[in-house]
Amino acid sequence: MDQEQLETFLTLAETSSFTKTSEILNVVQSTITARIKALETQLGGKLFERGTRFVCLTPDGYVFLSHAGKIVSQMKQAETDLWIRGKADYWIVIGGLNTIWDSSIYHLVEKLCETGKVSVRTVTDHSSHLINRLQEGSIDAAFVFIPPRSSFFKKIPFQNERILLVGRRACYKTIQTLSQEEVLRNGRLLYQNWGVAYDEWFKSEFGEYAVTAVRVDHSGLALRLITNLDYLGFMPESVAREWIKNGILKSIEYSSKTAPPNMTVYLTYLKSREKEHRLASFLAFVRKNRKHNRNIDDEN
């Protein structure tokens, strides 16, 4: 069993097509067939059902699928560990949601890269996919809105900050406060998901408008729409801070019976790995540089 066979198996399981698999791996279909047959012989079981127009995993194939990804990930990690020796103190793969990289988490990553002693890679995905990646071992730690419930994970409230209503300063220079009615009357309110509590608040606060509002999942895009098209938007303080400081945006007091809830981001990782050198080193760095974050205590 070698890495080529495993990667061929994983690609075929994902594409369900010998043609697509051969295109992705840049080999002829007969090579794909040979690799799969060799793997099935070694494992002593049939991994795929083959039809004239379909390929699908067998029950044995599904069982092996849960292990193959971890094996490939560990092999790649071993290669990287050997390559990195003498070139950096350690390497770390950090997962995060698309919406949060522009928050204070960016400053943490910036400081980590600034040392010049750590090889850093970031991965962007949804919370559930990031948790799966942690289990597979393809990432070391992740920043998520919804922490895993499993006792196998450590969950740390990493970031808890206010969410501000902001608009372009030139447009709202004389405006100090906006009510719910005034915001709705404006007709240009962006929606960006800042966590479960915020999502529920936004829907409750703005009702039907929550369905029709322009939705974005990238802070940079939201900020450009706010500055270029005079949209209003609710932003975490750390995301808007520099734009407010530079006179581009203005923080506007939002007048309502219920204020937007704070944004809480969790740092999570597998407990079984916290003593590994690279993860332990990263966690020590986080603890040392968490002065901008509050309420950072282990939940589990």
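The values are calculated or read from the model by the stated rules, or taken from the named source; none is laboratory data. What you see is a predicted model, and the numbers here were worked out from it, not measured in a lab. Cβ coordinates were reconstructed from backbone atoms using ideal geometry, including for glycine residues, and neighbour counts include every protein chain displayed.
Taking the criterion of being within 19 Å of GLU253 (Cα to Cα) and among the aliphatic types (A, V, I, L, M), would at least one residue in region 200-217 satisfy it?
No, region 200-217 contains no residue that is within 19 Å of GLU253 (Cα to Cα) and among the aliphatic types (A, V, I, L, M).
Could you identify the single residue in LEU164, LEU184 that is at pLDDT 90 or above and among the aliphatic types (A, V, I, L, M)?
LEU164
Filtering region 200-255 down to residues that are among the aromatic types (Phe, Trp, Tyr) and either touching a Cys at 6+ places or on another chain (Cβ under 8 Å) or part of a strand (DSSP E or B) (or both), which residue is surrounded by the most Cβ atoms within 10 Å (Cβ to Cβ)?
Top of the filtered list is PHE234.
Go through region 154-199 and give me each residue that's among the β-branched types (Val, Ile, Thr), farther than 19 Å from MET263 by Cα and either touching a Pro at 6+ places or on another chain (Cβ under 9 Å) or not in a strand (DSSP E or B) (or both).
THR174, ILE175, VAL183
Determine the pairs where a residue that is under 16 Å from ALA13 (Cβ atoms), located within region 23-52, has a partner that is in a strand (DSSP E or B) with Cβ atoms under 7 Å apart, the partner being 6 or more residues away or on another chain.
Within 7 Å, the pairs are ILE36/PHE48; LEU47/LEU57; PHE48/VAL55; PHE48/CYS56; PHE48/LEU57; GLU49/CYS56.
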